[in-house]
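S.K.: Let me begin by handing over the structure; questions about it come next.
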Amino acid sequence: MAEELTRNAGTNDAFTLVLNAQAVPGSQWTEGQNAILSDAGFAVASETIRGWPGYAETPLVALPALAAETGVAALHYKDESTRFGLGSFKALGGAYAVARLLQKELSARLGRDVSMEEITARAVPEAAQITVCCATDGNHGRSVAWGAQSFGCACVIFIHATVSEGRKTAIEAFGAEVRRTPGNYDDSVREAQEVASAEGWFVVSDTSYPGYMDVPRDVMQGYEIMAAEALDALDQPPTHIFLQTGVGGMAAAVTAQAVRRYGTDRPKIVLCDPDQAACFLASYRTGARTAVHGDLDTLMAGLACGEVSALAWEILQDHGDAVMALTDATAIAAMRRLAFPQGGDRALVAGESAVAGIAGLRLAMADPEAREKLGLDASSRILTFGTEGDTDPELYEELIGAPASQIRA
Ligand SMILES: Cc1ncc(COP(=O)(O)O)c(C=O)c1O
């Protein structure tokens with residue numbers, strides 16, 4: 001049985017911590033894992049994405065005052081709010097998978113090896129005959145739509161009932177048709193799949209399941225750039241990485257980069273789920289990929305996923321050490337703390353889905369038993385990923401009480 005503890009039940013600070021009984025300290029990066037994410041795959045993704053117009057490394061921000069307040073030696077926040085002007089790290093994944101899919105499909109259709117340079121330069125007019133589609137809670141769809149527009153193919157994006165109008169408009173701005181479907185995120189995934197099969201479209205999903213692995217693997221390979229930039233910029237490796245989880249693609253990509261780089265000395269990996277969509281919590285509890293159901297109603301829209309990605313599980317079942325499930329209230333508190341810093345830290349615009357990692361760290365550090373279980377102390381060096389900025393500007397302003405422009409200024 002997985003070790004677990006539950007704290008502060010019924011309060012804003014309620015959390016559950018579950019240790020992953022399958023995480024063996026010092027476990028190796030396996031051949032199976034290397035078939036998913038590898039140095040070779042990363043080299044191709046890195047060369048491609050770094051060549052796109054507008055590529056720039058995002059800042060890795062040190063937060064010494066928040067580190068001191070929390071009780072750790074160092075805390076870094078990789079601020080993805082400026083990534084390719086799309087507002088989230090997702091720009092790296094979906095768009096890259098669109099490029100790879102076009103390269104593969106056009107090579108097959110034209111009977112020759114179409115190069116990535118041709119795709120990026122929109123040099124193959126037949127791309128316009130291809131339609132890509134996906135389900136999204138916002139950020140992934142924005143990336144796929146941007147990729148389709150950049151590389152010259154058509155795009156249809158499916159959003160579920162509670163995705164905001166602001167997020168819908170932002171996707172439409174990249175020229176995609178957006179269709180709203182009843183139900184939750186997982187229902188929209190199924191709808192996208194069914195319509196794609198009927199229409200001969202290509203699903204570019206950020207989640208994987210048996211029989212659908214190639215595209216989401218490319219998505220994750222793109223995400224690894226974020227992790228590599230962060231780890232390159234640190235003077236010393238982190239002791240812990242706190243990662244928010246939707247389907248787990250982002251967390252698996254960061255973990256893959258950390259394990260391949262540091263081997264058996266890898267940092268401890270702590271996943272952070274919203275308590276209303278805690279599919280990693282359910283999975284670490286049972287020791288197998290386990291779905292959670294219901295309306296998955298969390299403010300952390302990007303993390304409102306009930307099913308763990310099959311590929312992410314292959315990596316995180318061995319190399320994820322623990323998961324915490326957190327309330328929306330702790331996320332809002334973390335967003336505010338970053339927007340209105342104390343002690344000289346830089347003010348940061350962090351969206352609802354960007355802060356579960358920071359929120360989890362703060363809760364764990366405030367609880368002696370959680371601290372002990374996660375091996376956290378005053379010498380810990382923490383890395384977190386601020387995976388989005390104000391991707392829904394109206395909601396951001398409502399939660400923070402000020403527009404993002406004011407925080408940035
Ligand atoms: C801002 C943000 N952070 C984190 C995630 C989680 O990524 P994954 O679904 O790969 O776990 C998402 C997913 O949409 C997101 O939009």
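S.K.: Only one of these conditions is not met by H160: (1) out of contact with any Phe, Trp or Tyr (no Cβ under 9 Å at 6 or more places or on another chain); (2) modelled with pLDDT under 95; (3) at negative phi. Which number is it?
M.R.: Condition not satisfied by H160: (1).
S.K.: Can you name the condition, by its number, that S188 falls short on among (1) under 27 Å from G32 (Cα atoms); (2) in a helix (DSSP H, G or I); (3) within 16 Å of the ligand (Cβ to nearest atom); (4) not hydrophobic (A, V, I, L, M, F, W, C)?
M.R.: Going through the list (1) under 27 Å from G32 (Cα atoms); (2) in a helix (DSSP H, G or I); (3) within 16 Å of the ligand (Cβ to nearest atom); (4) not hydrophobic (A, V, I, L, M, F, W, C), S188 breaks only (1).
S.K.: The conditions are (1) crowded, with 20+ Cβ neighbours inside 10 Å; (2) modelled with pLDDT under 95; (3) more than 16 Å from the ligand (Cβ to nearest atom), and S208 fails exactly one of them. Which is it?
M.R.: (3)
S.K.: Which one of these does A198 not meet: (1) part of a helix (DSSP H, G or I); (2) within 30 Å of L75 (Cα to Cα); (3) at pLDDT 95 or above?
M.R.: For A198, the exception is condition (2).
S.K.: If you check D214, D206, D235, which single one turns out to be within 14 Å of the chain's Cα centre (by Cα) and either farther than 25 Å from T384 by Cα or charged (D, E, K, R) (or both)?
M.R.: D206
S.K.: For A282, state whether it is more than 15 Å from L17 (Cβ to Cβ), more than 10 Å from the ligand (Cβ to nearest atom), in the same structural domain as N12 (by TED's automatic domain parsing) and among the hydrophobic types (A, V, I, L, M, F, W, C).
M.R.: No.
S.K.: Looking at this structure, is L92 modelled with pLDDT of 95 or more and surrounded by fewer than 16 Cβ atoms within 10 Å (Cβ to Cβ)?
M.R.: Judged against the criteria, L92 is not a match.
S.K.: Does E118 fit the bill of being within 30 Å of G306 (Cα to Cα), surrounded by fewer than 21 Cβ atoms within 10 Å (Cβ to Cβ), among the acidic types (D, E) and modelled with pLDDT of 95 or more?
M.R.: For E118, the condition - within 30 Å of G306 (Cα to Cα), surrounded by fewer than 21 Cβ atoms within 10 Å (Cβ to Cβ), among the acidic types (D, E) and modelled with pLDDT of 95 or more - is not met.
S.K.: Related question: Of all helices (runs of 4 or more DSSP H) completely enclosed by the stretch 304-367, which ones contain at least 1 residues that are within 13 Å of the ligand (Cβ to nearest atom) and in contact with a Cys (Cβ under 7 Å, 6 or more places away or on another chain)?
M.R.: The helices (runs of 4 or more DSSP H) meeting that bar are 356-365.
S.K.: Pick from the stretch 37-80 the residues that are more than 30 Å from E314 (Cβ to Cβ) and part of a helix (DSSP H, G or I): which of them is farthest from the ligand (Cβ to nearest atom)?
M.R.: It comes out as A68.
S.K.: Which pairs have Cβ atoms under 7 Å, sit 6 or more apart or on different chains, and link a residue in the stretch 127-150 that is over 16 Å from S208 (Cα atoms) and assigned by TED's automatic domain parsing to the domain that holds G175 to one that is within 12 Å of the ligand (Cβ to nearest atom) and of a type in the set (S, T, N, Q)?
M.R.: Pairs found: G138/T391; N139/S88; N139/T391.
Here is a yes/no grid of residues against (1) surrounded by 16 or more Cβ atoms within 10 Å (Cβ to Cβ); (2) part of a strand (DSSP E or B):
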site: I157; (1), (2): yes, yes
site: V163; (1), (2): yes, no
site: T169; (1), (2): no, no
site: F174; (1), (2): yes, no
site: G183; (1), (2): no, no
site: E194; (1), (2): no, no
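S.K.: Just to be sure before I move on: is D275 within 23 Å of D39 (Cβ to Cβ) and surrounded by fewer than 24 Cβ atoms within 10 Å (Cβ to Cβ) in the structure I sent?
M.R.: No; evaluated as a whole, the condition is false for this residue.
S.K.: Same structure, new question: Restricting to the stretch 220-256, give me the number of residues that are among the β-branched types (V, I, T) and away from the ligand (no atom under 16 Å from the Cβ).
M.R.: Counting residues in the stretch 220-256 that are among the β-branched types (V, I, T) and away from the ligand (no atom under 16 Å from the Cβ) gives 1.
S.K.: Moving on to the next point. Only one residue in G302, G343, G306, G386 is in contact with a helix residue (DSSP H, G or I) (Cβ under 9 Å, 6 or more places away or on another chain), touching a residue at least 24 places away in the same chain (Cβ under 8 Å) and over 27 Å from N20 (Cα atoms), so which one is that? Step through it out loud before you land on a result.
M.R.: Numbers: G302 fails: over 27 Å from N20 (Cα atoms); G306 fails: over 27 Å from N20 (Cα atoms); G386 fails: over 27 Å from N20 (Cα atoms).
Result of the check over G302, G343, G306, G386: G343.
The values are calculated or read from the model by the stated rules, or taken from the named source; none is laboratory data. Since this is a predicted model, take the numbers as computed values, not measurements. Don't worry about glycine lacking a Cβ; one is built from the backbone with ideal geometry, like all the others, and counts go over all protein chains shown.
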